[in-house]
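The values are calculated or read from the model by the stated rules, or taken from the named source; none is laboratory data. All values reported here derive from a predicted model rather than from experimental measurement. Cβ placement follows ideal geometry from the backbone for every residue including glycine, while neighbour counts extend to all protein chains displayed. Note: areas computed on protein heavy atoms with side chains; ligands, DNA, RNA excluded. Shrake-Rupley method; radii C 1.70, N 1.55, O 1.52, S 1.80 Å.
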Amino acid sequence: MKLSDLYWHRITPLHFLLWPLSLIYSFFLRLQKFCYWLDILPTVKLTVPVIVVDSISIEDGSKSSLIEWLVQYLLEQGYHPAVITHGSTDHPGKPRQVTTDCDPNGVGAKTFLLARHCGESCPVWIGSDRITTAQSLLAAHPRCNIIIQDGGVNCFRLERDLEIVVVDFSEHSFGNGLCLPAGPLRFDIKQLEKTDIVVTNDRSQRFVDTSNWRKSFNMKLLNNTAYPIFESTTRQPITGFRDKRLQAIATEDNALWMHNLIQFFGLNTQLRTFPENHAFTPADIQQFPDAEIILMPEDNALLCQDFATNTVWALPRDAWINTELQSVILKRLQQLN
């Protein structure tokens with residue numbers, strides 16, 4: 001179990017000490033947003049529309065899948081999207097494009113996965129300052145006519161045209177219901193009433209009142225197939241692994257959904273977990289010589305691509321969202337023109 005699960009999903013005496021800091025944090029966010037709204041603090045408006053996609057919780061794991069879906073949808077509609085992200089690294093540095101030639105450990109597993117899926121049709125850039133990163137991207141790729149900002153829902157300096165917040169009920173996003181640092185929430189739940197679009201994952205686990213939110217749309221994450229790490233076009237149903245000698249590996253941020261997947265499909269395997277942002281080595285794979293198949297979440301498997309064997313299989317998470325959200329996004333973008 002992750003330390004954050006023990007800390008952010010319960011109330012302890014420590015939380016009563018941190019609760020005032022959470023109130024100060026929430027007040028600071030409201031004050032900051034108000035100052036930007038009054039133009040007391042200057043904002044930057046890009047020459048193209050900006051869509052911000054973020055999660056309500058720092059524990060949320062379905063944001064990347066939603067961005068991949070959004071990129072594909074915009075491409076189908078004739079747009080030329082691009083993605084900017086801060087990544088998961090502590091020091092992302094100057095703006096630069098993320099490609100499949102980059103070191104996944106240097107840019108972050110999920111950022112590398114995003115660049116791999118988007119390919120040349122949608123450039124993915126990383127950098128410390130989102131505005132500088134976006135401007136550098138547009139200068140290098142003048143065809144891009146829409147920016148998707150990965151994260152940064154509380155960064156108001158870059159003006160946004162559409163805000164999408166992901167609420168992943170299956171990952172227990174709300175925790176103890178408190179904001180940072182006493183809880184996992186990036187902002188107060190009540191702010192969802194003012195968010196342009198709320199996308200929920202696994203509504204069957206809903207345990208909060210959503211009646212006051214703006215219209216929300218359900219997203220399903222499909223984990224039905226896997227592929228060999230060296231043959232990404234060859235997919236096989238997970239049900240075909242039940243009679244195999246399996247070993248499941250995941251980092252802690254992927255452990256919960258990976259465990260649920262093993263239980264759901266009735267796979268005969270134990271889950272070996274590693275710390276979040278773990279830098280995999282050949283020894284991590286070689287310690288399971290008897291395994292016919294080693295199952296790993298796709299972003300974890302890509303970290304092993306330089307030394308993986310044919311036994312390593314990647315588990316992608318594909319997002320499915322109903323057509324109603326597609327119409328809402330398209331209508332909003334058409335209004336901006």
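Brief remarks follow.
- Expressed as a whole percent, the accessible surface of region 264-337 that belongs to carbon and sulfur atoms is 47, based on a 1.4 Å probe.
- The residues of the chain present an accessible area of 49 Å² per residue when probed at 1.4 Å with all protein chains retained.
- Potential lengthening of the chain between E292 and N268 amounts to 7.4 nm, from the contour at 0.36 nm per residue minus the alpha-carbon distance.
- Extreme residue, positive dipole direction of region 128-171, given options I147, L137, V165 (C-beta unit charges): L137
- ³J(HN,Hα) computed for each position of region 73-80 - Karplus, 6.51 cos²θ - 1.76 cosθ + 1.60, integer Hz, glycine/proline x: 5, 5, 4, 5, 8, x, 7, 10
- Going through (i) -0.45, -0.67, -1.28, -1.40; (ii) -0.39, -0.62, -1.41, -1.56; (iii) -0.58, -0.83, -1.32, -1.40, the figure that equals log10 I(q)/I(0) by the Debye sum over Cα atoms at q = 0.08, 0.10, 0.15, 0.16 Å⁻¹ as computed for the structure here is (ii).
- Part-to-part distance (alpha-carbon centres) for region 274-337 and region 68-142, which is given in Å: 16
- Working note: 222 nm ellipticity from helices only, DSSP H runs with n ≥ 4, each -39,500 (n - 2.57), summed and divided by the residues of the chain, gives -9500 deg cm²/dmol to the nearest 500.
- Expressed as a whole percent, the accessible surface of region 26-86 that belongs to carbon and sulfur atoms is 62, based on a 1.4 Å probe.
- Relative contact order, percent, the chain [alpha-carbon distance under 8 Å, six or more residues apart]: 20
- Contact order, relative form, for region 99-248: 12 percent (alpha carbon pairs under 8 Å, 6 or more residues apart, mean separation divided by residue count).
- DSSP finds beta bridges in region 175-280, and of those with both partners inside it, around 20 percent are antiparallel.
- Of the beta bridges in the chain, as assigned by DSSP with both residues counted there, near 25 percent are antiparallel.
- Here the chain is assigned +1 on the Cβ of each Lys and Arg and -1 on the Cβ of each Asp and Glu. Its dipole about the Cα centre then comes out at about 780 debye.
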